[in-house]
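S.K.: Next up is a structure, given as structure tokens.
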Ligand code: COA
């Protein structure tokens, strides 16, 4: 059985972590394959957006695969975190095409981090989120300390990080960690419908939204300047001309990503 499966819905690539008997835990192979799938989202012009989800009804991803931890020392642990962040999690965050997490159950440890690296999250009503690494004598290594604090604020993040407690979907919605909570059987439809709406917009404008919003969290960048520059650059695109022309001609725009 493939540990990561890929399928298409229109122009949306659905990336499914597929180890349901291990609650979709992220082992080395899954991390490699996730990295390759994310590269494909960057490079394949047919792909306008991506959804990341987990196989089965119980888990999105229940964390990094703990069975691989026994072999790690300080050097190995650092390399694991660096590789994961650089080759998967940061790449998802900075992907110029929208990547949405469809969280269909436990999103713990690396699973919560994977969901948080996505541009936003939609959860099923059985979803549970947490960073339980302290129970293993560890901290998150795939960006969890940073993104959880960005998304839900310092006090709530500190509590979740230090207690290892899980929160349910309703709390995640209240915290702003997820955008919607829907019954599990509606999760993929809801996620694909939001992705489908974004797929109708001008791709370069979508890439601009992602880059400018990410700049808020990049201390080396002035986000307002980034916004000014992207806003200006977009006026030279065929799609911006098409958008304005279509509005004035009272017809739907046809965007080409140019
Ligand atoms: N790594 C490796 N295997 C994992 C795993 C992980 N992160 N999470 C779950 N599994 C495996 C279990 O070992 C079990 O395998 P087995 O059937 O071969 O024994 C299988 O998935 C099912 O998990 P189980 O613990 O029996 O399910 P449960 O419903 O009793 O509990 C959880 C669900 C999510 C509460 C529990 O699996 C758990 O705490 N997982 C670890 C979460 C974690 O600490 N993640 C952070 C890692 S850094």
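S.K.: Dividing the convex hull volume of the Cα atoms of the range 75-217 by its residue count, what figure in Å³ per residue is obtained? Before the final figure, lay out each step's value.
M.R.: Details: hull volume 14.7 nm³, N = 143.
Output value, Cα hull per residue: 103 Å³.
S.K.: Another question about this same structure. From zero outward in steps of 5 Å, how is the percent of C-alpha pairs of the range 129-176 spread across the bins?
M.R.: Percent of pairs per bin, in order: 5, 23, 34, 27, 9, 2.
S.K.: Sticking to Cα atoms, compute the Rg of the range 198-248 to one decimal and its Dmax as the biggest Cα-Cα distance, whole number, in Å.
M.R.: 12.2, 40
S.K.: Can you tell me the equivalent ellipsoid semi-axes for the range 154-215? Use √(5λ) from the Cα gyration tensor, largest first, whole Å.
M.R.: 28, 20, 7
S.K.: Grab the eigenvalues of the alpha-carbon gyration tensor for the range 7-129, scale each by 5, take roots, and send me the semi-axes largest first in whole angstrom.
M.R.: Details: eigenvalues 99, 65, 27 Å².
Values for the range 7-129, descending: 22, 18, 12 Å.
S.K.: Given a Förster distance of 41 Å, report the FRET efficiency between residue 209 and residue 70 from their Cβ-Cβ distance, rounded to the nearest 0.05. Could you put the intermediate results ahead of the total?
M.R.: Working: r = 43 Å, r/R0 = 1.04.
Calculated value: 0.45.
S.K.: For the range 24-70, what is the convex hull volume of its Cα atoms per residue in Å³? Don't skip to the end; give the middle numbers.
M.R.: Details: hull volume 3.7 nm³, N = 47.
Normalising the Cα hull of the range 24-70 by residue number yields 78 Å³.
S.K.: Using a Gaussian network model of the chain with C-alpha springs under 10 Å, which one of 22, 97, 78 is most mobile by mean-square fluctuation?
M.R.: Sorting by GNM fluctuation, first place goes to 78.
S.K.: Follow-up. With springs connecting C-alpha atoms under 10 Å apart, model the chain as a Gaussian network and identify which of 23, 173, 192 has the largest mean-square fluctuation.
M.R.: 173
S.K.: With a/c under 1.5 counting as rounded, go ahead and sort the range 158-256 into rounded, prolate or oblate using the C-alpha gyration tensor (a ≥ b ≥ c being the square roots of the eigenvalues; past the cut-off, prolate if a/b is larger than b/c, else oblate). Before the final figure, lay out each step's value.
M.R.: Numbers: a/c = 4.09, a/b = 1.50, b/c = 2.73.
Because a/c hits 1.5 or more and a/b fails to exceed b/c, the range 158-256 counts as oblate.
S.K.: I want to verify a result. In a Gaussian network model of the chain, Cα cutoff 10 Å, which of these has the top mean-square fluctuation: 115, 169, 70?
M.R.: Evaluated over the chain, the most mobile residue of the options is 70.
S.K.: A further question follows. With the calculation restricted to Cα positions, what are the radius of gyration and Dmax of the chain in angstrom?
M.R.: 18.7, 64
Bear in mind these aren't lab numbers, they're just calculated from the coordinates by the rules spelled out. Nothing here was measured: the structure is a model prediction, and the numbers come from that model. Heads up, the Cβs are rebuilt from the backbone with ideal geometry, glycines too, and the neighbour counts pull from every protein chain shown.
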